[in-house]
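To start, the structure under review is shown below, and the notes come after it.
The values are calculated or read from the model by the stated rules, or taken from the named source; none is laboratory data. Note that the structure is predicted; figures quoted are calculated from it, not measured. Quick reminder, even Gly has a Cβ in these numbers, built from the backbone with ideal geometry, and neighbours come from all protein chains shown. These accessible areas exclude ligands, DNA and RNA; they are computed on the full protein's heavy atoms, side chains included. Shrake-Rupley method; radii C 1.70, N 1.55, O 1.52, S 1.80 Å.
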Amino acid sequence: MTSEDIKRIRSKLDMNISKFSEHIGVHWTTVSRWENGHQAVSNAYVKLLQQEESYLDRTAKRREKSIST
């Protein structure tokens, strides 16, 4: 998972670094290091963040579908 992936997911959640870090259970400095590419995201958090993004994408598609019908 890249720093851009982290930024994209956080943006989809519309959260600042502090709120995002609380949401996923890490210190805000960890998120900052991930986003700046100074620290790799552990496998456990990669999986968590992938699930989070998948959920967000499915939810957005459902909203789009309900709006268009």
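List of remarks:
- Residue ID - surrounded by the fewest Cβ atoms within 10 Å (Cβ to Cβ), chosen from residues in segment 5-20 that are without any contact (Cβ under 8 Å) to a residue 40 or more places away in the chain and within 10 Å of the chain's Cα centre (by Cα): Asp14
- Tally, over segment 33-59, of residues that are exposed (fewer than 12 other Cβ atoms within 10 Å of the Cβ) and under 13 Å from Ile9 (Cα atoms): 4
- Selection of segment 21-32 for residues being open to solvent by less than 30 Å² (accessible area, probe 1.4 Å) and among the acidic types (Asp, Glu) yields an empty set.
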